[in-house]
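K.L.:
Below you will find the structure I want to go over with you.
Bear in mind that the values in this text are calculations on the coordinates, not laboratory data. A quick note: this is a predicted structure, and the numbers were derived from the prediction, not measured. Here the Cβ is made from the backbone with ideal geometry for all residues, glycine too, and neighbour counts use every protein chain on show.
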Amino acid sequence: MPHSSRALIDSRIPALTQFLHEHLPNAAAPPVLASADASARRYWRVRMADGSTRMIMDAPPPGENITGFIAIQKRLRAANVPVPQVFAQDSVQGFLILEDLGDCTFYQWRHGHSTTAVNAQLQAAVRLLPSIAAADEAGLPEFDRARLNTEMDLLPTWYITQYHGQPFSAEHSQQWQRLRDGISAKLHTMPQVFVHRDYHSRNLMVQDERAQGQLVTIDFQDAVRGPLAYDLVSLLRDSYIDWPAEQVAAMQELFWNSLPAPLQQAQSLTQFRHDFAWVAVQRHLKVLGIFARLSIRDGKHGYLKDLPLTWKHVQRALADIPELAPLSELLAPYAPKTST
C-alpha cells in the first residue's frame, strides 16, 4: 500500500498532525513515512520551508516508551558517541523530532564501495564500542540471568514449536532448560558494561555528505548493563552480513586493544574470544526466536530469509565451545527450512 494511502487510515495521524502543528509550524508538506522497524515504531520525514528536513519518531504508547530513548541518548552523547540530536518531544503521545540522518545504513552503504572502504568503516564501528561500553551505566536494567533466559526461551516457543511445528519433548525441554541456565550463568560472570544491545549494520547510519562517512548509532533505547562482548557480537555476527572469519578475528583484536587498561587486565584476548562465542550463542538463539515471531505473529515474513545466516552463527559459535556439544545435538534437527 502506498505511504499516502496508509496515512489516510492510520489512527496515529491526528495526534501526529497536532504534534507537528505545535512544534514544526513551518513544515512545507505533510509528513512522509520513511521507515518502520521490527517493533511498532515508525519514522516520518518532514520537509521544512527552508528545504531542511526533520525525522519524527512515532512510538505509540504503551508498548513503546520514548523516555528511555531520550535518557540513553543523553548518556551516549555525554560519552562522545554520535547519536541523533533531539529537538522536541511528547512523551504522552509518543513522538520525537529528531535530526534527519538520511536513509543510508552501514548495511546499505557497503554496496558500491570498495572492500578497503568497507573494512575502514567496519573498523570505525568497532572503535566506537569502547566509548559505548564506558557510558554511564548507573540505573540501567541488568542483563541478568532471568532476562537472558527469557530471551533464549523465544527459541523453543517460536522457532521450535511455532516455526518448525515440532516442540521439544519433556526430556528435551528439561535438557534445554539446563543448557539455557548454563549459558546465562556464564554470561553473568563476564565483565559487565554499558551495552547498546542492538549494535549492527542496520542501526548505524552513514553520514557521507557532512562528516566524511561518520557513523551515527540509532535504536539504542533498550540499553542494559551486560557482557563486554555483547555489542561486538551484534556487529561482527550480524544476522544480515557474514563477515569473513579472519576479519572477525582482526576486529576482535582491534576492539580488545582499544579497551582501557582495567578491562584488558580483567582477562586475556583469548579469554575474551571465548566469551565472544558464548555471547554469540545466547544472542542468536534469541534472534532465531525473534525472526520466527516476527513472521508468525506480526506478518513480517521478510525476516525469514535471515534465518539461515543466524543459524550459521549459532553453529559456528557452538563449534568453539566443546561443553555445549549437547546443545548442538539438541538443535541439529531444527535447521531453517530450505524453502525459507
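K.L.:
Kindly state, to the nearest 0.05, the FRET efficiency for Asn257 paired with Gln207, given R0 = 25 Å and r defined as their beta-carbon distance. The partial results should precede the final answer.
P.N.:
Numbers: r = 26 Å, r/R0 = 1.03.
Plugging the Cβ-Cβ distance into 1/(1 + (r/R0)^6) gives 0.45.
K.L.:
Can you grab the distance from the C-alpha centre of the range 224-302 to the C-alpha centre of the range 145-223, Å, no decimals?
P.N.:
9
K.L.:
Mind giving me the nanometre distance, one decimal, between the label points for Glu246 and Glu142, set 7 Å out from Cα along Cα→Cβ?
P.N.:
Result for the modelled spin labels: 4.4 nm.
K.L.:
Would you mind calculating the gained length between Ala29 and Glu323 on full extension (0.36 nm times residue separation, minus the Cα-Cα distance), in nm to one decimal? Write down the numbers at each step before the final one.
P.N.:
Values: separation 294, 0.36 × 294 = 105.84 nm, distance 5.92 nm.
Going from the current span to full extension adds 99.9 nm.
K.L.:
In nm, to one decimal, how far is the modelled label at Ala40 from the one at Gln166, with both set 7 Å along Cα→Cβ?
P.N.:
Placing both labels 7 Å along Cα→Cβ, they lie 3.6 nm apart.
K.L.:
I'd like the FRET efficiency for Asn119 and Ala78, computed as 1/(1 + (r/R0)^6) with the beta carbon distance as r and R0 of 25 Å, rounded to 0.05. Don't skip to the end; give the middle numbers.
P.N.:
On the way: r = 30 Å, r/R0 = 1.19.
That gives a FRET efficiency of 0.25.
K.L.:
Per residue of the chain, what 222 nm ellipticity follows from adding -39500 (n - 2.57) for every DSSP H run with n ≥ 4, rounded to the nearest 500? It would help to have the intermediate numbers written out before the result.
P.N.:
Details: 14 runs with 159 residues, N = 340.
Taken over the chain, the calculation gives -14500 deg cm²/dmol.
K.L.:
Still on this structure, I have one more. Starting from the Kirkwood radius over alpha-carbon pairs of the chain, derive D by Stokes-Einstein at 25 °C in a medium of 0.890 mPa s and give it in µm² s⁻¹.
P.N.:
Details: Rh = 21.4 Å.
Stokes-Einstein gives a translational diffusion coefficient of 115 µm²/s.
K.L.:
On a full-extension model of 0.36 nm per residue, what is the gain between Ile13 and Glu99, subtracting their alpha-carbon distance, rounded to one decimal in nm? Show your work: numbers first, answer last.
P.N.:
Numbers: separation 86, 0.36 × 86 = 30.96 nm, distance 2.07 nm.
Extending this stretch completely gives an extra 28.9 nm.
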